[in-house]
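So the structure is just underneath, and the comments pick up after that.
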Amino acid sequence: MSVIVYTESENGKFKKNAHEVASYATKVAQQMGTTATAVSINCSENETLGDYGISKVLNVQDDSLKPFNAKAFADVLASAISSENATVLIVSSSSDAKYMAPLLAAKLKAGYVPNVVTAPESTSPFQVKRTAFSNKGFAHTEITTEIKIIGVSNNAFGTIENKTDITVEDFSVDVDSNFKTKSTNIDKVVGKATIADADIVVSAGRGLKGPENWGMIEELADVLGAATACSKPVSDLGWRPHGEHVGQTGKPVASNLYIAIGISGAIQHLAGVSASKTKVVINNDPEAPFFKAADYGIVGDAFEVVPELIEKLKEFKAQNS
Amino acid sequence: MKVLVCISNVPDTTSKINFTDGDTKFDTNGVQFVINPNDEFGLTRAMWLKEKQGATVHVATVGEANVEPTMRKALAIGADEAIRINAVPTDGFFVAQQLAEVVKKGGYDLVIGGRESIDYNGGMVPGILASLLDMNFVNTCIKLEIDGETITAVREIDGGKETLSTSLPLVVGGQKGLVEESDLRIPNMRGIMMARKKALNVVEPIEGIHATDDKKFDKPAPKGDIKLADNVDELVTLLHNEAKVI
Ligand SMILES: Cc1cc2nc3c(=O)[nH]c(=O)nc-3n(C[C@H](O)[C@H](O)[C@H](O)COP(=O)(O)OP(=O)(O)OC[C@H]3O[C@@H](n4cnc5c(N)ncnc54)[C@H](O)[C@@H]3O)c2cc1C
């Protein structure tokens, strides 16, 4: 019996969430008096997981598993779970994990609970705390099946260092590479933080008046190493791509810092971004609802405040580096 | 082509969330229910398939009689027939099993659900359903083109998108992008009149697994007061020294 964690990687390197889910799995294993085993697919830095309490890695190297394929990856994990006699599987909240986990749940007749924000409240019965109603509430959910799948919310548990001796074992699964759903193209910005894993997200709304004014938003994001996001009407108007739409019906944001510029703070917007740890609002209307939901703010015209902020941050960076 | 759109009946996005019965149940008092936004994009895409490619479109939901207004709305938008599985939709696994039964019996080629419902945010019904019936599956689907046997789908991934080629039978977890916001339809009078005459069939649930059980709910702690900075200098200092985020 052990706890299995799927640690995601890309181009041979762990994704940022891998160390967080590894830390989470270690915690669950401690609670259950067992050890945590990671399943790693086409990654070349498996030993680093030992820093987060993982004692064993099942190392899968298989070219037919490039790129990600939800069904094939689910098959690999199902096989790892059975060979380790595991009863708990930990995954992240990435788009890949959310694609794969339901397939696994059906295959293993397992209860799957996504958006989990803390270590299990109890492991017998097995109960976790998760967000519900798009961050407007929490549910304390018991998983009643023998095998349990937990999807950990981004940036909710954090990484916990815990140096552990680690063994890496090769693990192979017969993959029928004749996939019925096949990737034909991946179109992804490289070298830029994504909304899913950025520490800082800079987001702007209709207050910016038009797409031609996004230069300063991108520059601010650049200075901060942040991802850019926008409110729903901004993407509906075609000012920004749909992939930037955040909120209840767009992408969720759970960054350390969320900066909202010219966004009023409608309930649907706030629901999607409220998991961010520190929220800053810049808006010229002191009555904007976002001022009730943020930690810090400036009442002012974005067209004055943002350029000034960029300059200050550049100075600040120069002094602190 | 037979298309089934799975619809979740959810609180309107502006709803204030409260709990009742010792915080064990969602308080529906004063709450307006609507078609789950992600499902509405799927339903609209299905209408396009009906109009342009002659598809038959049914809608299904797991719920008690109180969800019927939402189903009538889907019929008014243009679905041909509705199916209600008469059970409380408490658990994603259970819901997926019920819908799988409908899909199997009805011989649907394409099933469109939402990426997640905005109430319990489980995000698992389409995937579990696909897996139970061994159908192909595309999640967070933002584009779906069907050309005879070949299907091209685009899914949203973290930081971009991925194009997939697949085939029927297929299950899709949809969201905005399947159609644009401006393509969404508000039922007109004729649609509403016609919806009254369309079949809304009620079927009893099959035995299924309840994999999870929400024991208790609560709400986030109320937010402390905001600190307003008088100028940018002060803001940067606060973010560095106090919040420690830069
Ligand atoms: C079913 C449904 C789902 C929805 N889902 C989402 C969602 O997921 N995400 C989302 O964002 N919205 C969502 N919405 C829309 C939401 O209700 C709001 O309409 C939207 O968030 C408003 O966007 P905004 O803040 O950019 O624009 P507005 O509400 O127009 O606000 C613009 C703000 O900019 C400020 N401003 C103007 N000029 C300046 C200036 N020069 N300097 C500084 N500030 C300025 C104004 O004071 C105002 O507060 C949804 C709505 C519905 C009905």
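If packing is taken as the average count of other Cβ atoms within 10 Å, what order do B:26-35, A:310-319 fall into, highest mean first?
Numbers: B:26-35: 15.6, A:310-319: 13.7.
Highest to lowest by the protection proxy: B:26-35, A:310-319.
At q = 0.08, 0.09 Å⁻¹, work out log10 I(q)/I(0) for chain B with the Debye formula, treating every Cα as an identical point scatterer and leaving solvent out; two decimals please.
Values, matching the q order: -0.37, -0.45.
For peptide B:16-26, compute the average count of partner chain beta-carbon atoms within 10 Å of each residue's beta-carbon.
Mean number of neighbouring Cβ atoms from other chains: 2.
Hey, can you rank A:72-84, A:225-237, A:284-296, B:219-231 by average C-beta count inside 10 Å, highest first?
A:225-237, A:72-84, A:284-296, B:219-231
Over the range B:146-246, what number does the Rg to Rh ratio reach, with both radii from the alpha-carbon atoms and Rh per Kirkwood?
On the way: Rg = 25.2 Å, Rh = 21.6 Å.
Expressed as Rg/Rh, it is 1.17.
Dividing the Cα convex hull volume of the range A:200-320 by residue count, how many Å³ per residue is that? Kindly include the intermediate steps, with their values, before the conclusion.
Working: hull volume 11.1 nm³, N = 121.
Taking the convex hull of the Cα positions in the range A:200-320, it is 91 Å³ per residue.
Choose one of A:Ser183, A:Val173, A:Val201: the residue whose Cα lies farthest towards the positive end of the charge dipole of the range A:168-212 (beta-carbon charges +1 Lys, Arg; -1 Asp, Glu; about the Cα centre).
Result: A:Val201.
Arrange A:Lys136, A:Lys148 by Cβ neighbour counts within 10 Å, fewest through most, would you?
On the way: A:Lys136 21, A:Lys148 27.
Placing the least packed residue first, the sequence is A:Lys136, A:Lys148.
Using a Gaussian network model of chain B with C-alpha springs under 10 Å, which one of B:Leu49, B:Leu164, B:Leu200 is most mobile by mean-square fluctuation?
Result: B:Leu164 has the largest fluctuation of those listed.
Fewest Cβ neighbours within 10 Å first, please rank A:Met100, B:Met71, B:Met47, B:Met1 accordingly. Please report the intermediate quantities before stating the final value.
On the way: A:Met100 28, B:Met71 23, B:Met47 20, B:Met1 14.
Ordered from fewest to most neighbouring Cβ atoms within 10 Å, A:Met100, B:Met71, B:Met47, B:Met1 come out as B:Met1, B:Met47, B:Met71, A:Met100.
Please report the antiparallel percentage of DSSP beta bridges with both residues in the protein assembly as shown, rounded to the nearest 5. Before the final figure, lay out the partial values.
Details: 42 of 117 bridges.
If I count the DSSP bridges inside the protein assembly as shown, around 35 percent turn out antiparallel.
Once you compute Rg and the Kirkwood Rh from C-alpha atoms, what is the Rg to Rh ratio for the protein assembly as shown? Walk me through the numbers before you get to the answer.
Working: Rg = 23.3 Å, Rh = 24.3 Å.
Rg/Rh for the protein assembly as shown comes to 0.96.
Work from the charge dipole of the protein assembly as shown (Cβ charges, +1 for Lys and Arg, -1 for Asp and Glu, about the Cα centre) and give the residue of A:Ala110, B:Ile118, B:Ile35 farthest towards its positive end.
Of the options given, the answer is B:Ile35.
Would you mind telling me the antiparallel percentage of the DSSP bridges in chain A, rounded to 5?
Details: 12 of 59 bridges.
Among the beta bridges of chain A, antiparallel pairing accounts for roughly 20 percent.
Which whole-number percentage describes the relative contact order of chain A, with Cα contacts under 8 Å and a sequence gap of 6 or more? List each step's numbers first, then the result.
On the way: 686 pairs, mean separation 44.7, N = 321.
Normalised by residue count, the contact order of chain A is 14 percent.
Using only the Cα atoms of the range A:3-170, construct the convex hull and provide its projected area averaged over every direction, in square nanometres to one decimal.
Working: hull surface 34.5 nm².
Averaged projected area of the range A:3-170's Cα convex hull equals 8.6 nm².
What is chain B's relative contact order, in percent, from Cα pairs under 8 angstrom and six or more apart in sequence? Intermediate results must be reported in sequence, preceding the final value.
On the way: 477 pairs, mean separation 59.6, N = 246.
That works out to 24 percent.
Please tell me the relative contact order of the range A:3-170 in percent, rounded to the nearest whole number, where contacts are Cα pairs under 8 Å and at least six residues apart.
Details: 372 pairs, mean separation 47.6, N = 168.
Taking the mean separation of contacting Cα pairs over the length of the range A:3-170, I get 28 percent.
Could you please tell me the mean projected area of the C-alpha convex hull for chain A, averaged over all directions and given in square nanometres to one decimal? Walk me through the numbers before you get to the answer.
Details: hull surface 69.7 nm².
Projected over every direction and averaged, the Cα hull of chain A covers 17.4 nm².
Return the distance in nm (one decimal) between the two label points of a simple spin-label model at B:Ser165 and B:Lys104, each offset 7 Å from Cα along Cα→Cβ.
Roughly 3.2 nm, to one decimal.
Take every DSSP beta bridge with both residues inside chain B and express the antiparallel ones as a percent of the total, to the nearest 5.
Working: 18 of 44 bridges.
Around 40 percent of the beta bridges assigned by DSSP in chain B are antiparallel ones.
Return the sequence-ordered ³J(HN,Hα) values of the range A:292-307 in whole Hz as given by the Karplus equation 6.51 cos²θ - 1.76 cosθ + 1.60 applied to θ = phi - 60°, using x for Gly and Pro.
Taking θ as phi minus 60°, the curve returns 7, 10, 9, 8, 9, x, 10, 8, x, 6, 4, 6, 9, 5, 5, x Hz for the range A:292-307.
What order do you get for B:182-195, A:202-215 when each peptide is scored by the mean count of other beta carbon atoms within 10 Å, highest first? Please report the intermediate quantities before stating the final value.
Numbers: B:182-195: 12.6, A:202-215: 18.4.
Top to bottom by mean Cβ count within 10 Å: A:202-215, B:182-195.
Computed from the coordinates by the stated procedures, all read-outs in this text should not be read as laboratory data. None of these values were measured; they are calculated from a predicted model. Quick reminder, even Gly has a Cβ in these numbers, built from the backbone with ideal geometry, and neighbours come from all protein chains shown.
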